[in-house]
Structure formats: structure tokens, C-alpha cells
Amino acid sequence: MAQTTVTGATVLEVIAELAELEDPRIREVNARHGDDHGVNLSRLRALAKRLKTQQELARELWETGDAAARLLAILICRPKAFERGELDAMLRQAGTPKVQDWLVNYVVKKNPHSEELRLAWFADPDPVVASAGWALTTERVAKKPEGLDLPGLLDVIEAEMRDAPDRLQWAMNHCLAQIGIEHAGHRARAMDIGERLEVLKDYPTPPGCTSPFAPIWITEMVNRQHGTGELADTS
């Protein structure tokens with residue numbers, strides 16, 4: 001492991017600082033969600049702000065394999081500096097949901113290879129990798145739907161979401177909800193698929209939060225967009 005960076009900070013010093021931020025109670029809560037770090041994310045972001053952007057340090061922190069170090073690496077890296085192959089390897093190494101989620105949202109989405117990776121990951125036989133492809137697809141559903149086969153996506157969701165592994169199921173469900181929220185012409189079908197499959201229908205949702213059950217999620221978000229207490233016309 002390299003120990004020096006251009007700014008004089010060392011990987012060992014940063015790892016030691018992360019260790020000081022470790023909180024067993026946070027680790028216990030994170031463990032319930034499949035994550036293996038115990039660092040308060042606000043304090044992690046504060047450390048990243050102090051370190052500023054350091055691409056080489058980010059790569060070195062990633063190579064440690066430590067989840068908190070990898071989250072920090074994501075915050076201080078230059079997203080556009082990674083090659084496609086690097087990002088593919090990093091996704092497969094990510095391991096925990098939080099590291100994968102941050103990698104996709106904070107790095108891959110800002111990288112010029114994002115569309116190539118979306119297509120490759122979407123078709124990957126590993127359901128965890130495929131979930132990243134679905135996450136990138138959901139981004140396009142909302143922001144750049146041109147060229148996407150929305151009926152085809154709904155076909156796949158209808159056929160495969162109920163029995164998909166957890167992370168892939170969650171990503172497919174998000175895509176289903178996003179199609180229903182953003183595309184009125186497909187809203188009725190998206191609602192119907194959600195009602196019939198009942199995926200995440202009984203998911204425990206804290207007060208004040210929107211349920212991830214697609215029909216409720218779609219209804220809530222459309223109502224917010226239209227400022228009404230009734231679901232907008234789905235015809």
C-alpha cells in the first residue's frame with residue numbers, strides 16, 4: 001500500500017482517523033442493512049471536505065478494501081478520471097449496498113462511460129451487478145428516456161421482479177415506480193404490475209417517509225407534482 005500523497009496526507013493517517021470515528025452503535029444499525037462500517041456519514045463527509053479532491057489517495061483508499069475508506073474514496077475522487085474497466089472492477093469489488101449505491105450515484109453517473117456500463121451491467125448474470133444496470137436505467141427513465149423501451153422494461157419487471165434477489169428486486173421496483181411517476185402513458189400499467197406482484201407491499205416504512213410499494217410511491221409522487229390529493233389521470 002502506498003503511504004504518501006501529493007498533499008502529504010497518508011493512507012495510514014486517514015485510516016487511523018476513520019478508526020477514531022468508528023461507533024459500535026452505528027455499525028450495529030448498518031449491519032442490519034448489509035453494510036459493514038460504523039462511521040457517521042456526516043462526519044465522513046466532513047473529513048472528505050477537509051481532504052478535498054485527491055484522485056490518487058482515493059485509489060489507495062479503495063484498495064484497502066475497508067468499507068468506510070471506500071466511501072471516503074468515492075467522495076474525494078474525480079469521477080471522470082476512471083476508465084470503464086476500472087469502474088467495472090470497482091463495482092464488482094464494492095460488496096456492500098452503501099458502497100455500491102454511492103459508487104453508482106456519485107461516480108459512475110458522472111463518468112463518460114456510464115451508458116456503456118449501464119448496458120453491460122443491465123445484462124450481467126450477477127444480480128448485484130445487474131442491479132447497478134437497473135439503477136442507471138432508472139436515472140435515464142427520469143432524465144433522458146429517449147431511446148429507452150419503456151414497455152419492454154415493464155415486460156421484464158412483470159416477468160422477473162417478484163422472484164429476483166433482494167438488491168436486484170429493489171432496483172427493478174425503483175425503475176417500475178419511476179416509469180409510473182414520470183410517464184403518464186405507462187402509469188396505469190405500472191400501477192397494475194405493482195398491485196399484482198405486491199413487491200415490498202409490507203415493507204416497514206417510518207412515519208413521514210413514502211412507502212417503496214410502487215402503487216403507493218407512484219401515487220404519492222404524482223400527487224406532489226400536481227399538488228392534488230387525487231391521483232392524476234392515468235389514461
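Structural remarks
- So Lys80, is it open to solvent by 70 Å² or more (accessible area, probe 1.4 Å), over 17 Å from the mean Cα position of the chain (by Cα) and closer than 29 Å to Cys175 by Cβ: yes
- Qualifying residue in the stretch 57-74 (condition: crowded, with 16+ Cβ neighbours inside 10 Å and over 20 Å from Gly95 (Cβ atoms)): yes
- Any hit, the stretch 184-195, residues being under 24 Å from Leu103 (Cα atoms), of a type in the set (A, V, I, L, M) and touching a Ser or Thr at 6+ places or on another chain (Cβ under 7 Å): no
- Any chance Ile26 is touching a strand residue (DSSP E or B) at 6+ places or on another chain (Cβ under 8 Å) and surrounded by fewer than 22 Cβ atoms within 10 Å (Cβ to Cβ): yes
- Of the residues making up the stretch 65-103, those that are over 15 Å from Trp121 (Cα atoms), among the small types (Gly, Ala, Ser) and in a loop (DSSP other than H, G, I, E, B) number 2.
- Residue tally, condition free of Cβ contacts under 8 Å to residues at least 24 places away in the same chain and assigned to a helix (DSSP H, G or I), over the stretch 11-34: 12
- Leading residue by the ranking (surrounded by the fewest Cβ atoms within 10 Å (Cβ to Cβ)) among those in the stretch 138-188 that are more than 19 Å from the chain's Cα centre (by Cα) and among the basic types (Lys, Arg): Arg162
- For the stretch 29-45, a residue qualifies if it is at pLDDT 85 or above and either open to solvent by 60 Å² or more (accessible area, probe 1.4 Å) or polar (S, T, N, Q) (or both), and the qualifying residues are Asn40, Ser42, Arg43, Arg45.
- Selection count, the stretch 55-95, where residues are closer than 18 Å to Asn105 by Cβ and not hydrophobic (A, V, I, L, M, F, W, C): 10
- When every residue of the stretch 203-211 is checked against the conditions, none turns out to be modelled with pLDDT of 95 or more, surrounded by 21 or more Cβ atoms within 10 Å (Cβ to Cβ) and closer than 30 Å to Leu91 by Cα.
- Index of the failed condition, Thr234 passing every other in (1) at pLDDT below 95; (2) in contact with a Pro (Cβ under 7 Å, 6 or more places away or on another chain); (3) among the polar types (S, T, N, Q): (2)
- Residues within the stretch 111-136 that are among the acidic types (Asp, Glu) and part of a helix (DSSP H, G or I), tallied: 2
- If only residues of the stretch 91-110 that are at pLDDT 95 or above and open to solvent by 20 Å² or more (accessible area, probe 1.4 Å) are counted, the one that is nearest to Ala132 (Cα to Cα) is Asp101.
- Residues located in the stretch 35-53, provided they are outside any helix (DSSP H, G or I), under 23 Å from Gly95 (Cα atoms) and of a type outside the set (A, V, I, L, M, F, W, C): Asp35, Asp36, His37, Gly38, Asn40
The values are calculated or read from the model by the stated rules, or taken from the named source; none is laboratory data. All values derive from a computational prediction rather than experimental measurement. Cβ atoms come from the backbone with ideal geometry, glycine included; neighbour counts cover every protein chain shown. Surface areas here come from the heavy atoms of the whole protein model, side chains and all, with no ligands, DNA or RNA. Shrake-Rupley method; radii C 1.70, N 1.55, O 1.52, S 1.80 Å.
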